Amino acid sequence: MRRLFALAVVALFLAGCANAESQADGLRVENCGSTEVFPEPPKRVVSLNQHATEILLALGLGDRLVGTAYPDDLAPPASVAAAYAGVPLLADQYPSYERILETEPDLVVGGYSSAFDDTEGRSRKTFEDNGIRTLLLSESCAASPAGMDTLLSDIAMFGEVLGLQENARQVAAGIEQRVRAVAERLAGAEPVDVFVYDSGEQAAFTLGGNGVGHDALRRAGGRNVFGDVPEVFADVSWEQVAARAPRAIVLVDYLAAPVQNKQAYLAGHPLASGTPAVREQRFSTIPLVELTEGIRFPDAVERLARDLHGA
């Protein structure tokens with residue numbers, strides 16, 4: 001097993017899906033500033049965010065996934081729903097370091113960098129000092145804008161690390177096929193200027209240009225009016241929202257900030273109410289987990305293309 005696992009590194013390196021190299025001690029992966037070495041595929045994995053959990057389940061990790069946390073919604077995709085229901089929920093938000101240790105993991109995966117918050121005692125070094133490896137989805141640490149390529153690269157990386165390479169190839173191929181089909185339907189369509197409203201009253205918390213969600217919106221025929229903001233999500237002023245005059249608004253829905261009343265708030269806002277999108281009542285709703293790096297990427301592209309273009 002170790003020999004086969006080490007040989008798999010060559011394919012990973014040549015594919016360019018991670019900075020990895022073959023070493024005598026196993027698979028070496030450079031991930032978000034941390035070097036992780038895997039002598040063999042992990043046997044007990046904890047995933048600390050829903051979108052990361054869904055990736056691992058789609059790859060077929062099965063009962064090797066011994067814990068999850070911080071769900072963004074209560075409706076995972078049908079393809080992984082049954083498996084998701086069987087994974088122990090360690091906490092509604094982030095569990096304590098001690099709670100994670102109770103599951104005896106040999107790998108902890110984070111979807112957001114906040115999963116490894118040092119001030120909460122969950123830094124990657126803390127896990128490393130206890131002999132537990134960690135991996136973080138690349139969107140959270142990308143030095144340049146992330147997109148579908150980032151997602152596909154991480155899927156390949158997890159496939160290699162977990163010994164699920166063929167499953168990873170199938171998952172990636174399915175994502176590419178669905179996104180390509182949308183591109184064919186949208187050929188020649190004029191992009192629609194879109195403001196993505198997550199939350200906020202003093203300022204608007206919106207989608208910037210550095211995340212996977214921005215790429216999904218672009219591939220769906222939308223033009224993110226805050227795509228020039230070099231962050232995944234960011235606060236912007238309501239004056240900026242009004243000045244950029246979006247023609248459509250996407251409302252983000254998740255457990256911590258459900259979508260109810262967001263449309264009414266914008267309709268009553270002295271600045272947002274004057275935008276073409278609000279005047280024409282052109283709203284769309286999308287789950288937060290579809291705008292983050294995960295297997296719902298094609299769901300987001302299909303949903304947004306349908307809402308913006310009827311395609």
Task: Most fluctuating residue given options Gly131, Gly110, Gly163, as computed from a GNM of the chain linking Cα atoms under 10 Å - done: Gly131
- [ ] Along Cα→Cβ, 7 Å out, is where each label goes; now give me the distance between the ones at Asp73 and Gln177 in nm to one decimal.
- [x] 2.3
TODO: Among DSSP beta bridges lying fully in the range 27-143, give the percent that are antiparallel, nearest 5.
DONE: 30
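Place a +1 charge on the Cβ of each Lys and Arg in the chain and a -1 charge on the Cβ of each Asp and Glu, then give the dipole magnitude about the Cα centre in debye, rounded to the nearest 20.
Numbers: 26 positive and 42 negative charges, 157 e Å.
Its charge dipole is roughly 760 debye.
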TODO: Can you sort Asp117, Asp228, Asp215 by 1.4 Å-probe accessible area, starting with the largest?
DONE: Asp228, Asp117, Asp215
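Under the rule that an exposed site lies in a DSSP loop and has at most 12 other Cβ atoms within 10 Å, name the longest stretch of the chain with no GluC sites (Glu not before Pro) of that kind, not counting the sites themselves.
Values: sites that count: Glu201, Glu280.
Longest run free of exposed loop sites: 1-200.
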TODO: Hey, could you get me the Stokes-Einstein D for the range 172-251, Kirkwood radius over alpha-carbon pairs, 25 °C and 0.890 mPa s, rounded to whole µm² s⁻¹?
DONE: 185
Task: Total charge dipole magnitude, the range 189-309, about the Cα centre, Cβ charges on Lys, Arg, Asp, Glu only, Debye to nearest 20 - done: 340
- [ ] Calculate, for the chain, the solvent-accessible area per residue in square angstrom, rolling a 1.4 angstrom probe over the heavy atoms of the protein chains.
- [x] 44
- [ ] Could you tell me which label, among [x] 0.96; [y] 1.23; [z] 1.03, carries the value of Cα Rg over 2.2 N^0.38 Å calculated for this structure?
- [x] [z]
Open item on the list: As I understand it, the dipole of the chain uses +1 on the Cβ of Lys and Arg and -1 on the Cβ of Asp and Glu, about the Cα centre. Which of Val229, Gly208, Val171 lies farthest toward its positive end?
Closed with: Val171
Open item on the list: Computing the accessible area with a 1.4 Å probe over protein heavy atoms, can you report the carbon and sulfur percentage for the chain?
Closed with: 50
- [ ] Measure off 7 Å from each Cα along the Cα-to-Cβ vector at Leu255 and Glu98, then give the distance between these two points in nanometres to one decimal.
- [x] 2.3
Open item on the list: Run the helix sum for the chain: -39,500 (n - 2.57) per DSSP H stretch of 4+ residues, divided by residue count, reported at 222 nm to the nearest 500 deg cm²/dmol.
Closed with: -11000 deg cm²/dmol
TODO: Go through Leu107, Ala242, Thr134 and say which Cα lies farthest out towards the positive end of the charge dipole of the chain; charges sit on Cβ, +1 for Lys and Arg, -1 for Asp and Glu.
DONE: Ala242
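Is the range 85-237 rounded, prolate or oblate when judged by the Cα gyration tensor, a ≥ b ≥ c being the square roots of its eigenvalues, rounded requiring a/c under 1.5 and prolate requiring a/b larger than b/c? Intermediate values should be presented prior to the final figure.
Values: a/c = 2.51, a/b = 1.41, b/c = 1.79.
Since a/c reaches 1.5 but b/c is at least a/b, the shape of the range 85-237 is classed as oblate.
Indicate, rounded to the nearest 5 percent, the antiparallel portion of the DSSP beta bridges found entirely in the chain.
Numbers: 17 of 41 bridges.
Antiparallel bridges make up about 40 percent of those DSSP assigns within the chain.
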- [ ] Assuming a ≥ b ≥ c are the square roots of the Cα gyration tensor eigenvalues, decide whether the range 27-143 counts as rounded (a/c under 1.5), prolate (otherwise, with a/b larger than b/c) or oblate.
- [x] rounded
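Is the shape of the range 189-309 rounded, prolate or oblate, going by the alpha carbon gyration tensor and its root eigenvalues a ≥ b ≥ c, with a/c under 1.5 for rounded and a/b larger than b/c for prolate?
Rounded, because the longest to shortest axis ratio a/c is under 1.5.
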- [ ] Among Asn49, Asn210, Asn167, determine the one that fluctuates most according to a GNM of the chain built with springs between C-alpha atoms less than 10 Å apart.
- [x] Asn167
- [ ] Quote the FRET efficiency, to the nearest 0.05, computed for Arg44 versus Ala189 with a Förster distance R0 of 41 Å and r equal to the Cβ-Cβ distance.
- [x] 0.30
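The values are calculated or read from the model by the stated rules, or taken from the named source; none is laboratory data. Because the structure is a prediction, the values reported are computed rather than measured. When we count neighbours, we look across all protein chains shown, and the Cβ atoms used for this are built from the backbone with ideal geometry, even at glycine. When the accessible area is computed, the model is the full protein with side chains, heavy atoms only, and any ligands, DNA or RNA have been set aside. Shrake-Rupley method; radii C 1.70, N 1.55, O 1.52, S 1.80 Å.
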